[in-house]
Amino acid sequence: MTDFLSMTAQQVEGLPEAKAQEVLDAWVKAKNPELPQALAQSASKPHVKLAKKALYRLQSSGVQLTEAPKAPAPQVEATPAKNPFQGVLSMQLGTGERAFLFATPLREGGLEIFQGIVTDEFGLAQFGSDRSNRNLYRKQMEKLRNDDSARVMLVPFERIQLELGRAIALNERSKTPYGAEIEQALSRMGVTKQDPDFPIPPLEAGDTDDREAGALLHQLFEVEQWLPSEKDLVALTAQVDAIRKGPLPLSDAQKDEKVRKIARELATEVFTPALRLLYARRLWYTAEVIDFQNRPADAARARAEARRLAHETTPSRFAEQLFEKALPK
């Protein structure tokens with residue numbers, strides 16, 4: 001609950017409705033209206049609805065609510081308050097890359113379509129634009145919404161702003177420039193730096209009951225192509241070759257068992273607290289994409305492993321399987 005009470009409205013906006021409800025329940029229990037009031041100003045209608053319900057419960061329990069401050073008048077150069085067009089975020093690759101696509105209305109009519117790639121280590125990697133018309137874009141969004149094989153999720157423009165804001169913060173952290181022209185374009189769209197290190201919620205009851213479920217996540221389409229880094233693959237291959245081609249008088253079965261042990265040990269060594277958090281956030285994001293595909297059980301398993309990675313120090317079966325499946329044949 002302590003972690004929930006430290007979350008901001010912007011962070012809660014990025015959560016699924018069920019998880020946002022848990023956060024709001026914690027604030028209601030603490031009789032603190034600050035976050036529900038801030039979230040009630042969100043551009044996300046589902047989150048506004050949850051926030052208003054929380055405020056009603058607080059009022060019913062006797063909590064006095066202060067009037068929310070009025071938003072300042074927009075500047076002439078400011079981005080329009082509401083972009084009605086949804087954007088697209090893709091599933092995440094094992095390298096941490098994700099694609100995005102979104103539209104902004106043009107004064108003369110039509111749309112400017114932006115697309116590119118962000119990574120969760122280096123930030124904005126590609127960014128470009130083109131023109132299109134509104135009907136064509138809406139048809140494309142509807143097609144993606146109904147195509148389960150697309151492995152993407154449709155999100156409001158505010159979520160695109162958030163993800164791009166996190167990306168440019170990573171560009172600054174990793175000292176990866178992206179150019180003045182792109183910077184100006186992002187500024188026109190209201191994109192500002194955002195903290196990319198969003199918190200993973202604490203462990204929940206039942207998370208530690210089945211750690212083997214972490215290894216089974218690699219059977220999911222979204223995760224099956226994830227592999228260790230190139231550097232770690234080189235280290236793994238060298239150790240495996242030393243066993244399989246070495247002089248020790250071992251049977252094939254004994255060598256295979258020794259190789260699997262090497263993979264598990266290397267996974268534990270490589271998965272430092274920082275890397276565990278990186279993969280926890282990858283899984284948390286992946287759960288959102290899976291949720292959009294209406295697979296709640298798979299999404300729940302991904303979130304459980306994300307919480308284990310973020311808040312435990314014991315060896316992770318998810319990490320071990322990441323290396324075991326990469327073993328050279």
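The values are calculated or read from the model by the stated rules, or taken from the named source; none is laboratory data. In this text the structure is predicted, and so the values were computed from the model without any measurement. As a convention, Cβ positions derive from the backbone with ideal geometry for all residues, glycine included, and neighbour counts pool all protein chains shown.
Miscellaneous remarks
- Within the option set LEU217, LEU250, LEU233, LEU203, being touching a Lys or Arg at 6+ places or on another chain (Cβ under 8 Å) and more than 30 Å from SER6 (Cβ to Cβ) holds for one residue only, LEU250.
- Some residue of region 216-225 being assigned by TED's automatic domain parsing to the domain that holds ARG317 and farther than 15 Å from ARG301 by Cβ: yes
- Residues of region 112-166 that turn out to be in contact with a strand residue (DSSP E or B) (Cβ under 8 Å, 6 or more places away or on another chain) and assigned to a strand (DSSP E or B), as a count: 21
- Top-ranked residue in region 205-229 [being acidic (Asp, Glu) and at pLDDT 95 or above; ranked as surrounded by the most Cβ atoms within 10 Å (Cβ to Cβ)]: GLU222
- Qualifying positions in region 129-178 - buried (at least 20 other Cβ atoms within 10 Å of the Cβ), over 24 Å from PHE292 (Cβ atoms) and of a type in the set (A, V, I, L, M): ILE168
- Residue match in region 267-284 (condition: over 24 Å from the mean Cα position of the chain (by Cα) and farther than 24 Å from PRO199 by Cβ): yes
- Check on GLU181, charged (D, E, K, R), in a helix (DSSP H, G or I), at pLDDT 95 or above and surrounded by fewer than 17 Cβ atoms within 10 Å (Cβ to Cβ): no
- For region 228-249, residues that are of a type outside the set (D, E, K, R) and touching a helix residue (DSSP H, G or I) at 6+ places or on another chain (Cβ under 7 Å) total 6.
- Flag for GLY214 being in contact with an Asp or Glu (Cβ under 6 Å, 6 or more places away or on another chain) and assigned to a helix (DSSP H, G or I): yes
- Total residues in region 249-274, condition more than 14 Å from LYS329 (Cα to Cα), at pLDDT below 90 and surrounded by 11 or more Cβ atoms within 10 Å (Cβ to Cβ): 2
- Residues satisfying the criterion are present in region 79-86 (criterion: at pLDDT below 75 and either crowded, with 16+ Cβ neighbours inside 10 Å or within 28 Å of PRO33 (Cβ to Cβ) (or both)).
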